Amino acid sequence: MAVTSTEFWDRIAPGYSKQPVADSESYARKLATTQALMRPDMQVLEFGCGTGSTALEHAPHVTHIVATDVSAAMIGIAREKADHAGIDNVSFKQSGVEDFNAADGSFDMVLALNLLHLLPDRAAALAKVHQLLKPGGIFISSTVCLADRMWFLRPVIPLMQWIGKAPYVNFLKADDVMGEIATAGFEQQEHWTHGRANSLFLVCRKT
Ligand SMILES: C[S@@+](CC[C@H](N)C(=O)[O-])C[C@H]1O[C@@H](n2cnc3c(N)ncnc32)[C@H](O)[C@@H]1O
């Protein structure tokens, strides 16, 4: 019964696209913080864009966004949303972080929202973000840190994964994530956490 993470995300994509934002106040703060750092000439990359809502919100503030996700179903819905909204400066592309390739220093800003805790190899992902950013480029992440307050879920998750109700997920601590991001060569500009899952919103720059 166990499913791969890609199968999991493909299967839940239609429902995910209809879910209301869980914490609208925090979401609005994240959008505002990100848009305050955006400039009209920027090239932006988003990893794990899901059904594209955030990329489409940011699209009017930059030149172009490449928005990627491992799930073809998520990307299909994202493209429909972009067509419906008449937004043509976002290119949606089906790709895992692991498989994505572009020239070094291609982007002014990289976003990874609700993603890092889902990746088996965070160090490799952070190295890729660093490589893809221009010098001084901005990395913005939002990462669920289950080990801080929801450690009691740890024995439950493998069972949920086995019946196809949970994806691959790491139990992270916010302090550890900040340490890993610093080790990868980023200088922290701003961070705050929110919610029961202690989601860590972090803005940093490539040093
Ligand atoms: C929790 S959702 C977050 C979606 C969106 N960023 C948001 O904040 O609503 C996680 C997304 O990451 C994608 N994902 C999972 N593993 C991935 C990987 N290795 N590479 C790229 N995307 C991945 C999933 O398909 C899913 O759309």
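Annotations
- Within segment 34-58, tally of residues that are surrounded by 20 or more Cβ atoms within 10 Å (Cβ to Cβ) and assigned to a loop (DSSP other than H, G, I, E, B): 5
- Gly195 vs. criteria within 14 Å of the ligand (Cβ to nearest atom), in contact with an Asp or Glu (Cβ under 7 Å, 6 or more places away or on another chain) and more than 15 Å from Val97 (Cβ to Cβ): yes
- For segment 1-23, filtered to residues that are among the charged types (D, E, K, R) and part of a helix (DSSP H, G or I), the residue that is farthest from Lys81 (Cα to Cα) is Glu7.
- Restricted to segment 59-142, the set of strands (runs of 3 or more DSSP E) holding at least 3 residues that are near the ligand (Cβ under 10 Å from one of its atoms) and touching a residue at least 24 places away in the same chain (Cβ under 8 Å) comprises 64-69, 107-113.
- Filter result (touching a helix residue (DSSP H, G or I) at 6+ places or on another chain (Cβ under 6 Å) and of a type in the set (S, T, N, Q)) within segment 16-48: Ser17, Gln35
- Scanning segment 185-207 for residues that are closer than 24 Å to Tyr27 by Cβ and either among the aliphatic types (A, V, I, L, M) or surrounded by fewer than 16 Cβ atoms within 10 Å (Cβ to Cβ) (or both) gives Gln188, Gln189, Glu190, His191, Trp192, Gly195, Arg196, Ala197, Leu200, Leu202, Val203.
- Contacts under 8 angstrom Cβ, first residue in segment 29-44 being β-branched (Val, Ile, Thr), partner exposed (fewer than 15 other Cβ atoms within 10 Å of the Cβ), 6 or more apart: Thr33/Glu190
- Any hit, segment 164-184, residues being modelled with pLDDT of 95 or more and within 18 Å of Arg29 (Cα to Cα): no
- Which numbered condition Ser26 misses (of (1) assigned to a strand (DSSP E or B); (2) more than 10 Å from the ligand (Cβ to nearest atom); (3) under 27 Å from Phe171 (Cβ atoms)): (1)
- Identity of the residue in segment 1-16, crowded, with 18+ Cβ neighbours inside 10 Å and small (Gly, Ala, Ser), that ends up farthest from Glu98 (Cα to Cα): Ala13
- Residue check, Val66 among the aliphatic types (A, V, I, L, M) and at pLDDT below 95: no
- Just one residue in the set Ala2, Ala13 is modelled with pLDDT under 95 and touching a helix residue (DSSP H, G or I) at 6+ places or on another chain (Cβ under 6 Å); that residue is Ala2.
The values are calculated or read from the model by the stated rules, or taken from the named source; none is laboratory data. Please read these numbers as outputs of a predicted model, since none were measured by experiment. Backbone-built Cβ (ideal geometry, glycine too); neighbour counts: all protein chains shown.
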